[in-house]
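The values are calculated or read from the model by the stated rules, or taken from the named source; none is laboratory data. What you are looking at is a predicted structure, and each value in this text was computed from that prediction instead of being measured. So basically every Cβ, Gly included, is an ideal-geometry build from the backbone, and we count neighbours across all protein chains shown. Quick note on the areas: whole protein, heavy atoms, side chains included, nothing else; ligands and nucleic acids left out. Shrake-Rupley method; radii C 1.70, N 1.55, O 1.52, S 1.80 Å.
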Amino acid sequence: MSEPGPESIPTSADPRSKRATKRRAVTPHAEQASQIQSLFRDPSKEVKLPEPSKKRSSASLPPPPDIVANVQGSSAGAGSGEFHVYKASRRREYERLRLMQSEVDREKADQEWESKREEAKRKDEEKTQKNRKRREKRKAAKEKNHRNGVTDMEMDGAGQKRGPDSVNEDTGPGKDQEQGTTADGEPHGEEAPGVIIHED
């Protein structure tokens, strides 16, 4: 057994070697830096970007053969090469059926989402119409009251007109009003026949 000599040391690791040591990109940062440096070596060179991958669909797959002359199965009597051909054709057919089913499911989900969206839109429109009618009705009543000369101060909380004959809750009726007559001497629950004109 001989001792390891200088010939057993790799050439790049030998300190006497004039060959440059190999620099490898060991981190993603160093790898990206080396790619950028190689791009900047020749800026006039055209950079070819790969085309975006197309989404797979049943239309993108080749159609199944119209006539299958040699029908194969996975039985034990088939040859060793036939089995792999059968497996490949079965895999292609299953993939085609899976893609077709996923397209049908996606279309069904889209239709359900559209119907839910239309239903929500219809409900929102009904609610908006209802609120609009309520606002217009309130506005019309308010305009009618203003045309008749009734201000907001003369309306009580229930929306009824308060006239000068109405009893003020703060002061309350007087002694003579408690006995059934008003201050003018008229009976308390009866009105005088004829038209009553309120002066402003």
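Are there any pairs, at least 6 apart or on different chains, whose C-beta atoms fall under 7 Å, with the first in region 78-106 and closer than 17 Å to residue 60 by Cα and the second in a helix (DSSP H, G or I) and modelled with pLDDT of 80 or more, and if so, which? Every condition considered, no pair remains.
Restricting attention to region 14-34 and to residues that are assigned to a helix (DSSP H, G or I) and open to solvent by less than 100 Å² (accessible area, probe 1.4 Å), the residue that is modelled with the highest pLDDT turns out to be 33.
For residue 36, indicate whether it is more than 39 Å from the chain's Cα centre (by Cα) and under 30 Å from residue 89 (Cα atoms).
When the stated conditions are applied, residue 36 does not pass them.
Cβ-Cβ distances below 6 Å connect the following pairs, each with a first residue in region 137-155 that is within 16 Å of residue 198 (Cβ to Cβ), a second residue that is modelled with pLDDT under 60 and open to solvent by 60 Å² or more (accessible area, probe 1.4 Å), and a separation of six or more residues or different chains: 150/161; 154/162. State whether the residues of region 41-51 include one that is within 43 Å of the chain's Cα centre (by Cα), β-branched (Val, Ile, Thr), open to solvent by less than 100 Å² (accessible area, probe 1.4 Å) and at pLDDT 85 or above. Checked region 41-51: no residue is within 43 Å of the chain's Cα centre (by Cα), β-branched (Val, Ile, Thr), open to solvent by less than 100 Å² (accessible area, probe 1.4 Å) and at pLDDT 85 or above.
For (1) of a type in the set (Val, Ile, Thr); (2) at pLDDT 90 or above, each residue gets a yes or a no:
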site	(1), (2)
77	no, no
82	no, no
133	no, yes
151	yes, no
156	no, no
179	no, no
182	yes, no
